[in-house]
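Asks: Take this structure, written in structure tokens, and hold onto it; I'll ask about it next.
The values are calculated or read from the model by the stated rules, or taken from the named source; none is laboratory data. Given the structure is predicted, the values throughout are model-derived calculations rather than measurements. Positions of Cβ are backbone-derived with ideal geometry, glycine not excepted, and every protein chain shown enters the neighbour counts. Side chains included, ligands, DNA and RNA excluded: accessible areas come from the protein's heavy atoms. Shrake-Rupley method; radii C 1.70, N 1.55, O 1.52, S 1.80 Å.
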Amino acid sequence: MGWNALDTMDLAGKRVLVRVDINVPVEDGRVTDDTRIQRVAPTIKDILAAGGTPILLAHFGRPKGKVVAEMSLRPLVPALEAAFGAPVTFAADCRGPAAEAAVQGLPAGGVLLLENTRFHAGEEKNDADLAAEMAKLGDIYCNDAFSAAHRAHASTEALARLLPACAGRLMQAELTALETALGQPQRPVTAVVGGAKVSTKLELLGNLVGKVDNLVIGGGMANTFLAAQGIDVGKSLCEHDMADTAREILSKAETQGCKIILPIDVVVAREFKAGADNETVAADACPADAMILDAGPQTVAAVADTLFASKTLIWNGPMGAFEIAPFDAATNAAAQQAASLTKSGALVSVAGGGDTVAALNQAGAAADFTYISTAGGAFLEWMEGKTLPGVAALEG
């Protein structure tokens with residue numbers, strides 16, 4: 001890869017501008033989930049240990065280029081201090097006199113948090129002047145916000161081209177995991193792609209059929225593929241207008257030598273609620289008044305066999321309506337199988353996307369996956385084969 005890691009930089013006595021994603025939930029002025037803060041802590045601690053001064057750049061919410069008091073980063077200071085084990089000073093701006101004064105007055109061993117970058121309209125416009133003002137505050141640029149790397153913003157793209165740049169620990173872990181899964185993977189490679197709609201994952205599916213050996217399609221989008229083959233899916237969630245597209249993807253997969261795995265059997269119900277009366281039927285036998293809400297045991301067995309024969313797994317999206325039991329069974333079973341194979345050393349497993357993380361956590365499988373990405377949009381765009389501006393800027 002063509003980017004520098006943190007270890008390649010001389011940080012002693014240097015001011016390090018660190019782009020982080022600490023867009024965390026806050027209620028009544030208190031952070032209620034500090035997961036994202038904890039994930040950037042290793043980078044901050046390593047910079048401090050190397051004698052550098054971390055200066056944090058971050059966005060919060062969508063203030064659309066205006067100062068919105070409720071979207072200030074100031075309330076995050078106590079949570080940052082607890083995670084970093086170091087004093088954190090807050091600056092009321094990320095540019096200009098206030099920021100410059102805060103940098104000058106920062107004590108040794110301290111961390112500086114600059115105010116929300118999106119309070120300036122130039123942030124989302126990737127404004128060169130804003131980036132230049134930010135660059136004055138540091139000697140080195142470190143991007144540890146893979147989750148914001150798909151945006152060409154002043155603090156993620158333009159700034160990276162103005163200073164010696166490197167990837168932080170979290171960014172490095174994300175890029176390494178994705179390169180392992182899609183760049184130069186051990187084969188066979190299997191992808192599990194689920195979710196409600198084909199239309200939201202068209203580019204993803206189109207890219208994957210040319211890169212993986214097996215593609216498991218689950219969730220609501222599987223219904224669209226079944227319908228495209230002339231199968232009646234009753235009242236199931238289905239994008240009938242995407243039938244031609246689904247057939248094109250099936251055709252491309254056949255040409256590329258990618259095996260598509262669709263449900264063999266399905267769990268159907270007349271209502272979508274916890275504990276609803278349900279039955280398992282063949283995939284082509286959904287009653288006209290019922291809806292498909294999960295994959296059945298034969299499908300789970302077929303997916304398990306595929307995973308067992310695979311060396312690499314990429315997972316995005318649940319295989320059924322996992323939020324409600326008993327329609328979480330297929331997702332849970334497949335996730336637990338993947339986790340078990342990973343734990344035994346037989347499989348490299350990389351997963352990402354909001355519903356995916358929730359589903360794997362619910363299945364109790366997340367901890368044993370090789371890598372779980374929390375970078376929803378950026379993870380998807382990488383899987384779609386797109387160039388991420390924040391990553392490309394690090395490569396120079």
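Asks: State the Cα centre-to-centre distance between segment 108-172 and segment 362-396 in whole Å.
Replies: Their Cα centres are 19 Å away from one another.
Asks: Next up: List the GluC sites (Glu not before Pro) in segment 170-271 that DSSP assigns to loop (not H, G, I, E or B) and whose Cβ has at most 15 other Cβ atoms within 10 Å. Which are they?
Replies: Working: sites: Glu174, Glu179, Glu203, Glu239, Glu248, Glu254, Glu271; in loops: Glu239, Glu271.
Counting only loop positions with at most 15 other Cβ atoms within 10 Å, the GluC sites (Glu not before Pro) in segment 170-271 are Glu271.
Asks: Provide the net charge surrounding Ile324, with neighbours chosen by a C-beta distance below 10 Å and charges set as Lys +1, Arg +1, Asp -1, Glu -1. Intermediate results must be reported in sequence, preceding the final value.
Replies: Working: positive: Lys273; negative: Asp294, Glu323, Asp328.
Around Ile324, the charge tally is -2.
Asks: Right, here's the next one. Under a no-solvent Debye model with one identical scatterer per Cα of segment 159-220, what's log10 I(q)/I(0) at q = 0.27 Å⁻¹?
Replies: For the requested q values the scattering log ratios are -1.11.
Asks: Can you check what the net charge comes to around Asp21, using other residues whose Cβ is under 10 Å from the Cβ of Asp21 (Lys, Arg +1; Asp, Glu -1)?
Replies: On the way: positive: Arg19, Arg36, Arg39; negative: Asp144.
That sum, taken over residues with Cβ under 10 Å, equals +2.
Asks: Which whole number of Å³ per residue matches the convex hull of the alpha-carbon atoms in segment 180-322?
Replies: Working: hull volume 14.1 nm³, N = 143.
Looking at segment 180-322, the number lands at 99 Å³ per residue.
Asks: What is the percent of Cα-Cα separations in segment 1-126 that go past 23 Å?
Replies: Details: 2407 of 7875 pairs.
Every Cα pair in segment 1-126 considered, those over 23 Å come to 31 percent.
Asks: What Kirkwood hydrodynamic radius do you get for segment 188-263 when you take the inverse of the mean 1/r over all pairs of distinct Cα atoms, in Å?
Replies: Working: mean 1/r = 0.0827 Å⁻¹.
Final number for the Kirkwood radius of segment 188-263 is 12.1 Å.
Asks: For segment 33-50, take each phi angle, set θ = phi - 60°, evaluate the Karplus expression 6.51 cos²θ - 1.76 cosθ + 1.60, and give the result in whole Hz per residue in order, putting x for glycine and proline.
Replies: For segment 33-50, the Karplus curve yields 8, 9, 3, 5, 5, 4, 6, 9, 4, x, 5, 5, 5, 5, 5, 4, 5, 8 Hz.
Asks: Now a separate question. In Å², what does the accessible area per residue of segment 178-225 work out to with a 1.4 Å probe? Could the numbers behind the result be given before it?
Replies: Numbers: 1460 Å² over 48 residues.
Result: 30 Å² of accessible area for each residue.
Asks: Ok, one more. Take the Cβ-Cβ distance between Ala358 and Lys64 as r, set R0 to 25 Å, and report the resulting FRET efficiency rounded to the nearest 0.05. Show your work: numbers first, answer last.
Replies: Values: r = 28 Å, r/R0 = 1.13.
Once the sixth-power term is evaluated, E becomes 0.30.
Asks: Let me ask you something else. Net charge near Leu341: determine it from the other residues with C-beta under 10 Å of the C-beta of Leu341, scoring Lys and Arg +1 and Asp and Glu -1.
Replies: Local charge sum for Leu341: +1.
Asks: A further question follows. Report relative contact order for the chain in percent, whole number only (criteria: Cα-Cα under 8 Å, sequence separation at least 6).
Replies: On the way: 871 pairs, mean separation 60.9, N = 396.
Computed value for the chain: 15 percent relative contact order.
Asks: Please give the per residue volume of the convex hull enclosing the alpha carbon atoms of the chain, rounded to a whole number of Å³.
Replies: Values: hull volume 57.6 nm³, N = 396.
Roughly 146 Å³ of hull volume per residue.
Asks: With an 8 Å Cα cut-off and a minimum separation of 6 or more residues, compute the relative contact order for segment 292-366 in percent. Don't jump to the answer; show the numbers that get you there.
Replies: Values: 93 pairs, mean separation 27.0, N = 75.
Relative contact order comes out at 36 percent.
Asks: A follow-up question, please. Over the residues of segment 118-252, compute the C-alpha Rg and express it relative to 2.2 N^0.38 Å. Write down the numbers at each step before the final one.
Replies: Working: Rg = 20.7 Å, N = 135, 2.2 N^0.38 = 14.2 Å.
For segment 118-252, the normalised Cα radius of gyration is 1.46.
Asks: When only DSSP loop residues count, what trypsin sites (Lys or Arg not before Pro) in segment 39-90 have their Cβ near at most 16 other Cβ atoms within 10 Å? Mind showing how you got there, number by number?
Replies: On the way: sites: Arg39, Lys45, Lys64, Lys66; in loops: Lys64, Lys66.
Answer in residue order: Lys64, Lys66.
Asks: Could you work out what % of the accessible surface of the chain is carbon and sulfur, using a 1.4 angstrom probe and leaving DNA, RNA and ligands out of the count?
Replies: Details: 7900 of 15960 Å².
Ligands and nucleic acids excluded, carbon and sulfur give 49 percent.
Asks: In addition: Would you mind listing how long segment 263-306 runs along its three principal axes, going by Cα atoms, in whole Å with the largest first?
Replies: 31, 22, 10
Asks: Accessible area per residue, 1.4 Å probe, Å², for segment 1-95: what's the number?
Replies: Numbers: 4550 Å² over 95 residues.
On a per-residue basis, segment 1-95 sits at 48 Å².
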